[in-house]
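The values are calculated or read from the model by the stated rules, or taken from the named source; none is laboratory data. Here the structure is a predicted model, which means the values were calculated and not measured. Using ideal geometry, Cβ is built from the backbone for each residue, glycine included, and neighbour counts are taken over all protein chains shown. Just so you know, the surface numbers come from the protein's heavy atoms only, side chains and all, with ligands and any DNA or RNA stripped out. Shrake-Rupley method; radii C 1.70, N 1.55, O 1.52, S 1.80 Å.
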Amino acid sequence: MAPSITIPVHHVTKAPKRLSGDSFIQPHIRKIPTNQPVLPLEVFSSRLGKKPEEIIKLDANESPYGPPPEVFEALQDLKHPNIYPDPECRQLRTALAKDSGLGANHIIVGSGADELIEMIFRCVLVPGDRILDCPPTFPVYAHQAAVSGALLVKVPRKKSDYSLDVQLIEKMVDKERPKCVFLASPNNPEGSIVNDEVLLKILDMHVLVILDEAYIEFSGMESRMKWVEKYENLIVLRTFSKFAGLAGLRVGYGAFPLSIIEHFWKVKLTYNVSITAQAAACAALQNPAYLEKVKVALVQERERLFTLLKGVPFLKPSPSYANHFLCEVAPEMDAEKLKDDLESMGVFLFCLEFDFGSAFATRPSEWTAS
């Protein structure tokens, strides 16, 4: 007879209560509002019952012209999709070095500039660190701050012309001691620029400056990429999404000082840029004449449209150095209804609401979507 044991009743316990799935998620992540990205063209087409070519999509500042023909040729001739891409993007970084005049050893390529922004947060910040943000601006900076558990120091732009309030930035840098400041030039959403004088003043504030030049090609200004050779507290971000028409392939790149770039290589995902994206970006750079033609056409259309928008009584467009405008809608008009009415006609815009309050710092739990 097999041996047996007796378990006293008082030793029998109930099974532990099953944990809910979100109990495994970090508390500060649970408090972040769900990100609301713009919708793809196919969704708009299905929603309206219109063909994609009948839709005017202006809500993400994409190029309406698309990339140079060399891009399509390169994608058709693509070989070895079964092999992982070059993790260092050597061919593309060499082409970018030739295009910019900056050594390839200063350049890292990412899956869009968004990935490089995320890399900066991973490499530079720990929960509780501060970043300085100048709204209204690209909302990804604030979103990544929330994801990273960073404190967000907000210094609103001047209401008159959306320029940076340098004195207030300096005051908040001294008071809050942020590790870095994010500046877009031209800025998204309204297209203002950061001139050399302002940038130099901020570089003197002993803070890491991330200069986002996603729209620099439309500004008439030279990129500050080569400045990283002199300033060890400057990172410059660029992208192929806007001027080269490659938004769907996700190719961005950054210029870093040599003193810090080695650490960014440590956190970069190994195969972050696909072979299709690398091939397309290299091919786009082979036709600078096409890229210049598209840029000129967009700038000319920007000036034409700005004149027309100024004639609309309920709109106040801001002068822009980018490929987009910010239009202030008169109080008597319902901006959301205006957006919905245009969407019903197949014209898609981005609508946002913000105020020009005083500078302040927020903790992740207090963060709200822009």
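Counting only other residues whose beta carbon sits under 14 Å from that of GLN144, what net charge do I get with K and R as +1, D and E as -1? Walk me through the numbers before you get to the answer.
Working: positive: ARG122, ARG130, LYS179; negative: ASP114, GLU115, GLU118, ASP129, ASP133, ASP212.
Summing Lys/Arg as +1 and Asp/Glu as -1 gives -3.
At a threshold of 8 angstrom on Cα-Cα distance, excluding pairs fewer than six apart, so keeping six or more, what relative contact order does the chain reach in percent? Can you show the working numbers first?
On the way: 604 pairs, mean separation 90.8, N = 370.
Computed over the chain, the figure is 25 percent.
For LEU234, list long-range residues whose amide hydrogen, built 1.01 Å from N in the peptide plane, is under 5 Å from its own amide hydrogen.
VAL209
Where Rh is the Kirkwood radius over the Cα pairs of the chain, the temperature 25 °C and the viscosity 0.890 mPa s, what D in µm²/s does Stokes-Einstein return? Let's see the in-between values first.
Details: Rh = 22.8 Å.
Approximately 108 µm²/s, per Stokes-Einstein.
Could you tell me how many degrees, from 0 to 90 and to the nearest 10, lie between the Cα long axis of helix 275-285 and the main elongation axis, the longest principal axis, of the Cα atoms of the chain?
Around 20 degrees separate the two axes.
Spelling out what I want: for every residue of the range 21-26, take phi, set θ = phi - 60°, compute 6.51 cos²θ - 1.76 cosθ + 1.60 (Karplus), and round to whole Hz; glycine and proline get x.
Working through the residues one at a time gives x, 6, 5, 7, 7, 4 Hz.
Subtract the Cα-Cα distance of ALA60 and ARG18 from 0.36 nm times their separation in residues, and report this length gain in nm to one decimal. Walk me through the intermediate numbers first.
Values: separation 42, 0.36 × 42 = 15.12 nm, distance 4.27 nm.
Computed gain between ALA60 and ARG18 is 10.9 nm.
Run the numbers for LYS79 and GLU229: contour at 0.36 nm per residue of separation, minus the present Cα-Cα distance, in nm. Walk me through the intermediate numbers first.
On the way: separation 150, 0.36 × 150 = 54.00 nm, distance 3.62 nm.
Taking 0.36 nm per residue and subtracting the Cα distance, the gain is 50.4 nm.
I want the local charge near ALA280. Using Cβ-Cβ distances under 12 Å, sum +1 for each Lys or Arg and -1 for each Asp or Glu among the other residues.
On the way: positive: ARG250; negative: GLU70, GLU73, ASP77.
So the surrounding residues net to -2.
Can you compute the FRET efficiency between LYS337 and ASN287 using 1/(1 + (r/R0)^6), with r the Cβ-Cβ distance and R0 = 35 Å? Round to the nearest 0.05.
On the way: r = 43 Å, r/R0 = 1.22.
About 0.25, to the nearest 0.05.
Residue by residue through the range 343-349, which ³J(HN,Hα) values in whole Hz follow from phi under the Karplus form 6.51 cos²θ - 1.76 cosθ + 1.60 (θ = phi - 60°), with glycine and proline marked x?
Going residue by residue, I get 4, 5, 8, x, 10, 10, 10 Hz, with x marking Gly and Pro.
Per the Kirkwood treatment, what hydrodynamic radius in Å, one decimal, follows for the range 218-327 from the mean inverse distance over all distinct Cα pairs?
Values: mean 1/r = 0.0600 Å⁻¹.
Every distinct Cα pair counted, the radius reaches 16.7 Å.
Taking the Kirkwood radius as the inverse of the mean 1/r across Cα pairs, report the Rg/Rh of the range 151-261.
Working: Rg = 14.2 Å, Rh = 14.8 Å.
On the Cα set of the range 151-261, Rg over Rh gives 0.96.
Taking the full set of protein chains and a 1.4 angstrom probe, give the accessible area of HIS80 in square angstrom, rounded to the nearest 10.
Number for this one is 120 Å².
Quick one: pull the percent of accessible area on the chain belonging to carbon and sulfur, 1.4 Å probe, ligands and nucleic acids left out. If you can, show how the numbers build up before the last one.
Numbers: 11270 of 20510 Å².
The nonpolar share, carbon plus sulfur, comes to 55 percent.
So between ASP161 and LYS51, what do we pick up on full extension, going 0.36 nm a residue minus the alpha carbon distance? Before the final figure, lay out each step's value.
Values: separation 110, 0.36 × 110 = 39.60 nm, distance 3.85 nm.
Length difference between fully extended and current span is 35.8 nm.
Compute the long axis of helix 288-310 from its Cα atoms, compare it with the longest principal axis of the Cα atoms of the chain, and write down the angle in degrees, 0 to 90, nearest 10.
Long axis of 288-310 versus the principal axis of the chain: about 80 degrees.
Tell me the net charge near GLU170. Cut-off is 10 Å between Cβ atoms, GLU170 excluded, with +1 for each Lys or Arg and -1 for each Asp or Glu. Intermediate results must be reported in sequence, preceding the final value.
Working: positive: LYS171, LYS175, LYS201; negative: ASP165, ASP174, ASP204.
With Lys, Arg at +1 and Asp, Glu at -1, the neighbours total 0.
Provide the per-residue ³J(HN,Hα) series for the range 137-148, in order, calculated from phi with Karplus coefficients 6.51, -1.76, 1.60 and θ = phi - 60°, each as a whole number of Hz, with x at glycine and proline positions.
Here the 3J(HN,Hα) series is 7, 4, x, 5, 4, 5, 5, 5, 4, 5, 4, 7 Hz.
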